[in-house]
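Take a look at the structure below.
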Amino acid sequence: MKRKQLLELLDDLRSHVGEELKIVGSQAVHAVANLVPSIVERSVECDLYLPVNLEKRQFLQTEFGLESEYQARKGIHADFLGRATVILPNSRSLS
């Protein structure tokens, strides 16, 4: 998705999430680069780390996820991932 689409998706999600959104997938490259690889712009999904209860995550997936009305209207969707799915590097390994 294009940066403009990503920002719109994040804006649309903010009122439903109630906490800071953390992009953990390929769309995160938008935060560090002005020119992103074309494969990122062709992607129609944004992976977000969301450690909320299962019911809330299911609601958000239904409203903004794959095969949702949101995707039908906008052509993009969000995937909400929890602690069991997202593995981040130790900050010491990044130095």
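Please treat every number below as a calculation from the coordinates, not as lab data. These numbers were taken from a predicted model, which means no experiment stands behind them. Glycine also receives a Cβ, built like all others from the backbone with ideal geometry; neighbour counts cover every protein chain displayed.
What the table below lists for this structure:
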{"read-out": "In nm, spacing of pseudo-spin labels at Thr62 and Glu20 (7 Å Cα→C-beta vector)", "value": "3.0"}
{"read-out": "Cα shape, the chain, gyration tensor, a/c 1.5 rule", "value": "oblate"}
{"read-out": "Choice from Ala31, Ala72, Ala84 with maximal GNM fluctuation in the chain (Cα, 10 Å cutoff)", "value": "Ala84"}
{"read-out": "Cβ-Cβ FRET estimate between Arg3 and Ala84, R0 fixed at 25 Å, reported to 0.05", "value": "0.30"}
{"read-out": "Neighbour-count ranking [beta-carbon atoms within 10 angstrom, fewest first] of Ile76, Ile39", "value": "Ile39, Ile76"}
{"read-out": "FRET efficiency, Ala72 to Ala31 (Cβ-Cβ, R0 35 Å, nearest 0.05)", "value": "0.80"}
{"read-out": "For the chain, built as a Gaussian network whose Cα springs stay under 10 Å, the top-fluctuating residue of Ser15, Ser68, Ser43", "value": "Ser15"}
